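The values are calculated or read from the model by the stated rules, or taken from the named source; none is laboratory data. From a predicted model like this one, the values you see are computed outputs, not experimental measurements. FYI the Cβ positions are ideal-geometry reconstructions off the backbone, even for glycines, and counts take in every protein chain you see. The area values use the complete protein model at the heavy-atom level, side chains included, leaving out ligands, DNA and RNA. Shrake-Rupley method; radii C 1.70, N 1.55, O 1.52, S 1.80 Å.
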Amino acid sequence: VPQHVWRINLDTPEEAHQNLSFGAADRWWEQTDLTKLILASNKLQCLSEDVKLLPALTVLDVHDNQLTSLPSALGQLENLQKLDVSHNKLKSIPEELMQLSHLKSLLLHHNELSCLPDGFGQLVNLEELDLSNNHLTDIPTSFALLINLVRLNLACNQLKNLPADISAMKSLRQLDCTKNYLETVPSKLATMASLEQLYLRKNKLRSLPEFPSCKLLKELHAGENQIEILNAENLKHLNSLSVLELRDNKIKSVPDEIALLQKLERLDLTNNDISRLPYTLGNLPQLKFLALEGNPLRTIRRDLLQKGTQELLKYLRSKIQDDVTNPNEEPPVTAMTLPSESRVNMHAITSLKLLEYSEKQAAVIPDEMFNAVGSNPVATVNFSKNQLNEVPPRIVELKDSLCDVNLGFNKISSISLELCMLHKLTHLDIRNNFLTSLPEEMEALTRLQVINLSFNRFKVFPSVLYRILALETVLLSNNQVGSIDPLQLKKMDRLGTLDLQNNDLLQVPPELGNCETLRTLLLEGNPFRTPRAAVLAKGTAAVLEYLRSRIPA
């Protein structure tokens, strides 16, 4: 750097000597000190200690040079607000730099730093700090003191962990930890209420952290890790999330709670191990980009994936056989709805013979609902869209009048004996639960005409259904049913509709063609090879005829 640059505040410029007609107002060199010095993209190997002769500097930019060290005199530039020393060959930073209490932006990326001074936390006014592309293996704990920091970039270093203390950075909006060696993220990170963008790509994470306080988080990038499980807990608090990038992981399934992310615009699940998707994805109102290539999806054909996001969402929506809870409603804070909040609709009980307590996210049905029934005959019960783990035991009190029960969209994993005592039951809807089997005692439901078991976890066709001969409609789509017994089905002589779409049927037994009462047989989305799609497309009668033609003579 030419010496006169350092002395620009001190020396009278050449032209002043040549032209003596300068009036006081024109003598700029006496009125102002240099505030910005830009020496970027040169070949400087060192900076002179004379930098201290420019105490009014607010901006010093020496990026893209060949500096191996910085002068300690930098610490005297007490007005400095922005220092850019990126793209150099710095191996360390002088302790004196920590005295720059007005510094707002410090850019140190693309150097050779392997450690940082412990006193880093003294830079309390820092708003932007870029340390990416260095050789850092850890972060000083004093980072916790940088409470005004808005953007922190630690990408492309050798960090094995992050200190939990960085959660104290209450102003941090953007944190980039791409391409490090992180195996976990401190759980305290979840308390960073201002965080809007979090980049964790190219690390060694096995799971995502939970984010109970990150209500403002808009972008979460966690691709190219080793994440296997995506939990509902990881997602359900992220009300503001618009970008979720999880490509190139080992995720096996996507929880239904993804449908809570109402602001999601981009979802990238490319190259994972996902075999099935929640169809409720189709209801995300803002979703513009959905990438699923490179997954072993069974229920979605490859040609559909190539048609783009809108077609895919349209397909997913078509698969939802029920409207989903109104997305504009705020989900209640507690899973348990207290009895005082439940408003018993007496008109519905007395006039419509309906007992309804649905869409409350309740873990139990309040007793006052059953108490209110009194001696009124109730024909219909709707407890759908809650968080029930079991069939409410008091339902048995309604056994003399109850015909229609809806327990859909809950978390029920087994059917209780109380339900098997509802001897007048004609319609039972238990779709979207966690059922794997039905009890043999259900045989007592001799009047049952319609049962909906879609979106559960059945691996075999529940054998008790073969013995409920009043059944007219059996809906078992979106389970994992691997086989059916055509001889038993034939005994169900009133069965008109059988929906087995999106299961794991590897073959369709030809004898199914003898079930001539079937008016609607739905088999799409199974892995069997025959009947081929062209035959299925012709409708039930053609499928049954085809199957009969295959029965060995």
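At a glance:
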quantity: Surface per residue (accessible, 1.4 Å probe) for segment 156-228, Å²; calculated: 43 Å²
quantity: Accessible-area composition of the chain, carbon plus sulfur, in percent [1.4 Å probe]; calculated: 49 percent
quantity: Nearest-20 debye value, the chain charge dipole, Cβ charges on Lys, Arg, Asp, Glu; calculated: 2120 debye
quantity: Cβ charges +1 (Lys, Arg) and -1 (Asp, Glu), total dipole of segment 422-528, debye; calculated: 200 debye
quantity: Relative packing of peptides 79-87, 417-425 - highest average C-beta neighbours within 10 Å first; calculated: 79-87, 417-425
quantity: Segment 216-283 shape via C-alpha gyration tensor axes, a/c threshold 1.5; calculated: oblate
quantity: Linear extension gain, residue 135 paired with residue 506, 0.36 nm per residue minus alpha-carbon span; calculated: 128.2 nm
quantity: Segment 383-400 - phi-based ³J(HN,Hα) in whole Hz, Karplus 6.51/-1.76/1.60, Gly and Pro as x; calculated: 10, 6, 6, 10, 10, 5, 8, 8, 5, x, x, 6, 4, 5, 5, 9, 5, 7
quantity: 3J(HN,Hα) from dihedral phi, segment 452-467, Karplus parametrisation 6.51/-1.76/1.60, rounded to Hz, x for glycine, proline; calculated: 10, 10, 4, 6, 10, 10, 5, 9, 10, 5, x, 5, 5, 4, 4, 9
quantity: Residue-span extension gain [residue 147 to residue 229] - 0.36 nm each, minus C-alpha spacing; calculated: 26.2 nm
quantity: When segment 187-321 is reduced to its Cα atoms, the Kirkwood hydrodynamic radius in Å; calculated: 14.9 Å
quantity: For the chain: span of alpha carbons on each principal axis (Å, largest first); calculated: 113, 60, 43
quantity: Which of 278, 231, 306, positive extreme of dipole for segment 187-321 (C-beta unit charges); calculated: 306
quantity: Extreme residue, positive dipole direction of the chain, given options 98, 433, 159 (C-beta unit charges); calculated: 433
quantity: Lysines whose Cα lies under 16 Å from that of residue 250, excluding same-chain neighbours fewer than 8 positions away; calculated: 202, 204
quantity: Among 542, 483, 377 - extreme Cα towards positive end, dipole of segment 346-549, charges at beta-carbon; calculated: 542
quantity: Whole-Hz couplings from phi, Karplus 6.51/-1.76/1.60, listed for segment 72-84; x for Gly and Pro; calculated: 5, 4, 4, x, 8, 7, 5, 8, 5, 10, 9, 10, 10
quantity: Mean Cβ count within 10 Å, highest first, over the residues of peptides 499-510, 299-310; calculated: 499-510, 299-310
quantity: 23 Å Cα-Cα threshold exceeded, pairs from 319/490; 288/385; 215/263; 218/307; 160/263; calculated: 319/490; 288/385; 218/307; 160/263
quantity: Cα-centred dipole magnitude for segment 346-549, charges only on beta-carbon of K, R (+1) and D, E (-1), debye, nearest 20; calculated: 500 debye
quantity: Value at 222 nm in deg cm²/dmol, rounded to 500, when DSSP H runs of n ≥ 4 in the chain each add -39,500 (n - 2.57); calculated: -2500 deg cm²/dmol
